[in-house]
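Worksheet: one structure, shown below.
Just so it is clear, none of the values below were taken in a lab; they were calculated from the coordinates. None of these values were measured; they are calculated from a predicted model. When we count neighbours, we look across all protein chains shown, and the Cβ atoms used for this are built from the backbone with ideal geometry, even at glycine.
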């Protein structure tokens, strides 16, 4: 186990190095930040002076090493557009993104589970068809389009929910629901299949023969088995959800990391983008590492690979 | 081939999907004939008209016909998607082949690159790259290709490894066959089927991703009619001119459904033969 | 036989959940009543450092609320006393300003001439000197402290526009601003203005509170929040729910939605001149022929576009200078596509030519206007290619004067003909189209050093005529300023986009 862990850690570190370098290079290629900072009538000498004072005329590798060094201490530089620390910006937006992702994830799993169960129980009735249609809808249209349609219906037409922004629970509903829909659809289908399989299996028949009540069968026997595939799927879905969150946050003006990144990209605020990319990549790699280690600990066969 | 199609035709969903796909592809190909107006023809006096007898699906904020833009937009979105899939399939297959066949440092490096790429949520990488590259059709195609090449690489590599294990390769080597011939005769034909399945799902993903990127403003040039840019156009007009944003969404939905059904159909078809 | 869960039990549980959810939603949906006035804009302030002002709104609006300058810019262009109560020129090169006595910064320290000198000198150092134009434009050489309440400014040449440039030369306390570093000063402003900063959450909002000891009297609105709401429909929605009191930068297509039970749309004809600049540095030599430029003006139906795209809410430009200083002898080109074709043919382009059109999402309806103008130019044989530029790329091309064709921009939302004309002079860094005409330059330079009002007017009119007849721009219209105002407050919009929230009053 120890050797396995060390191996995984080493690999994760090299990946992180690669990721940070990639982020730095792409950020650098994004454009010249000096132009972001000066007014139209600045002279060439003024621009050169500014470039020097920001350290942008040094060789690229030197700048990268410098950046990495600072990053390890938690200093991700200062935003060119907003003149505040990048790390601080990220720290202030991260909780919002987590709130959105958490709410969406909870909605997707809980509602997905509930809908899957209902679809299995009332198989071939109208609710089964509705769930199937919803699930298909979640996969074939762009998530943000669904979001726009929901906005059109709930916020513009009926004025029941806010169009965008953040504030209370009401502001969270539409973005979380929009983000959750594709995952919810997939979960519902999985759960439905699992439930149907479970309900038709031998041990359920035995349980019924023994005289157990329907709800007890459902809760104690069928549902737990149906939710196994849900757990594995959930892990895979999380990565997708984070990606989609970027667009959803823009549509709903949700003050999270995604919107910060997209705006920073559009404004060529490359230190902010680098910082966001780095933070998210580090999170991903870390989570994957932990999951790998957890699986290996539970299932020794995995270690042999 | 025809037996394949007939088998797929039996399933109701697949049938519907294939029909939709055929309609969309036909419309895209016949665009110059089918579109009632020039998709770029601006007419400020006819702006923001609701769907009606002259403009079947209404007009946008500068008076362009939505239906015509939808048809030409489909052309662009499908072309971009197809090119992206082709490039990613070729590149992914190549990398998978090489790393599976030769192993060693080649496999290690490509594996590492894949890990690095997968550490970013793809959309983030796409936005980042397009921001740096500046958008435009070529950049979008390349970035979309970046999104799926890994799938091909993995499948092909797995195939190569299993075929290596079966001894064909050693036998062929012994009889003097070159690397290219071995790959071409023994390996590639067996990978074609799973590649096709992956390709259909990649196509669906490419269309959706292009829509998202163009919507954010980092994808295709906003003046070119693509389904994604049309969605962006309609964003500020949800209350006053809902048709601008709604129509492209429906078009995307129908097309992606068709492509996905094609993929599902292919997968079921090839399932008994493959090991997956 | 397939069993079923008792539908009644399940249904009951589901219903309970839904009721709870609805209750939560309802509670957070209740319209908020708050005493702070909320101003919603598209973008965030870029810095709260008084010498890093880079746009009229929101940065300009916030700096104007936090700091004072010697002279205030009135909405009609007049120079009004602010920190300076009077001024005079002892000779054409020397200006003397008398400061208002008893004014204090928000930490209690008095505003003195030392602070004025410090602030002006600071504006001349990097990085501030890339954004501040006071020294370069007025040929300022030296700032002298005569006594605690008197400051003298020495210029190298006579400067007609000194007062204009002083309007945004904000006075910062020397003690505070020499001690802290740049990053701190960016977000911790200390001025003498009508408001002080409570907090700035970048990307989200800035909260201000009234300065009770302000020399002009504490503002009527005690608490103000400048919120960042990029989505127009969100700003409108905020008006409806009562969350937003002043929704700015609304597109003309949506302004009618600002009329709700407790809000109203307000509109004012702005000063920003919207136009297409015509690049003289492009490889396309056709653009250097004045006949081609005039043809492009004749080809575009400006009045028609005003009627359709702008809902008739503005007027065509009649000069490169805003009224009341516009030369009355100049008239709009009008819509004459036949004249356009004739001029193109005369210039040697009967088959037209290929033209690049650049725009960026900044001035409002950039895409719609660019696409419509492209349509008009296509109709007279010019083959157009549209390019949506990212804002920083566009800015770079503006500053490098490197556009390949024509570009949609808005300029000079101000009333000061000397300043408005200066951007067309040869070496001017704002001269995005790269235009250069020595005759024009001569007139403008003479006008900017001529203190006699009548002589100056004659020179300015002559310069305007050249600019107009030579068609440096495709002349469009003045940008209307649209906003939604809640019925809680009264506020008069400014045509140059600055929001002087300290002049707003609650409505009863």
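Using a simple spin-label model with points 7 Å from Cα along the Cα→Cβ vector, what separation in nm is obtained for residue B:175 and residue A:57?
6.8
Which of rounded, prolate or oblate describes region C:115-155 when judged by the alpha-carbon gyration tensor and an a/c cut-off of 1.5?
Oblate, because a/c is 1.5 or more while a/b does not exceed b/c.
By average Cβ neighbour count within 10 Å, what is the ranking of C:79-92, C:373-386 from highest down?
Packing order, densest peptide first, comes out as C:373-386, C:79-92.
Any idea how far the Cα center of region C:76-145 sits from the one of region B:216-230, in Å?
48
With a/c under 1.5 counting as rounded, go ahead and sort chain C into rounded, prolate or oblate using the C-alpha gyration tensor (a ≥ b ≥ c being the square roots of the eigenvalues; past the cut-off, prolate if a/b is larger than b/c, else oblate).
Verdict is oblate for chain C.
For the residue pair residue A:240 and residue A:48, what label-to-label distance in nm results when each label sits 7 Å from Cα along the Cα-to-beta-carbon direction?
5.4
Using only helices, what value at 222 nm comes out for chain B when you add -39,500 (n - 2.57) per DSSP H run of length 4 or more and divide by the total residues, to the nearest 500 deg cm²/dmol? List each step's numbers first, then the result.
On the way: 12 runs with 200 residues, N = 276.
Counting only the DSSP helices, I get -24000 deg cm²/dmol.
Is there a simple number for the mean count of other chain Cβ atoms within 10 Å of the Cβ of residues in B:254-265, and what is it?
2
For a test of the definition: using alpha carbon positions, the gyration tensor, and the 1.5 limit on a/c, classify region C:137-183 as rounded, prolate or oblate.
Verdict is prolate for region C:137-183.
What does the highest-first list of C:325-336, B:249-260, C:460-471 look like by mean Cβ count within 10 Å?
B:249-260, C:460-471, C:325-336
Relative contact order for region B:66-257: what percent, with Cα pairs under 8 Å and sequence separation of 6 or more? Walk me through the numbers before you get to the answer.
Values: 217 pairs, mean separation 57.9, N = 192.
This gives 30 percent for region B:66-257.
On C-alpha positions alone, give me the angle between the axis of helix B:104-118 and the longest principal axis of chain B, in degrees, nearest 10.
Value to nearest ten degrees: 30.
Over all residues in C:223-235, what is the mean tally of Cβ atoms on other chains that come within 10 Å of each residue's Cβ? Intermediate values should be presented prior to the final figure.
Values: counts 0, 0, 0, 0, 1, 4, 4, 6, 10, 4, 13, 8, 3.
Across C:223-235, the average partner-chain Cβ count within 10 Å equals 4.
Per-residue Cβ counts within 10 Å, from other chains only, averaged over C:194-207: what number is that?
The mean count of partner-chain Cβ atoms within 10 Å per residue comes to 3.
Simple spin-label model, 7 Å along Cα-to-Cβ: residue C:156 to residue C:209 in nm?
Taking the simple label geometry, residue C:156 and residue C:209 are separated by 4.7 nm.
By how many nm would the segment from residue C:442 to residue C:86 grow when fully extended, if each residue of separation counts as 0.36 nm and the alpha-carbon distance is taken off? Could the numbers behind the result be given before it?
On the way: separation 356, 0.36 × 356 = 128.16 nm, distance 3.19 nm.
Answer, rounded to one decimal: 125.0 nm.
Given springs between every Cα pair under 10 Å in a Gaussian network model of chain B, which of B:89, B:139, B:46 has the largest fluctuation?
Comparing B:89, B:139, B:46 in the GNM, the peak value goes to B:46.
In degrees between 0 and 90, to the nearest 10, how far off the longest principal axis of chain B does helix B:137-165 point, with axes built from Cα atoms?
Here the helix axis deviates by roughly 30 degrees.
What is the helix-to-structure angle for B:122-133, meaning the angle in degrees between its Cα long axis and the longest Cα principal axis of chain B, kept from 0 to 90 and rounded to the nearest 10?
70
Sort C:264-271, C:143-150 for me by packing, meaning the mean count of neighbouring Cβ atoms within 10 Å per residue, highest on top.
Values: C:264-271: 18.1, C:143-150: 14.9.
Taking the mean over residues of other Cβ atoms within 10 Å, the ranking is C:264-271, C:143-150.
Given contacts defined as C-alpha pairs under 8 Å and at least six residues apart, what's the relative contact order of chain C, whole-number percent?
19
Top mean-square fluctuation among B:39, B:222, B:189, Gaussian network model of chain B, C-alpha springs under 10 Å?
Result: B:189 has the largest fluctuation of those listed.
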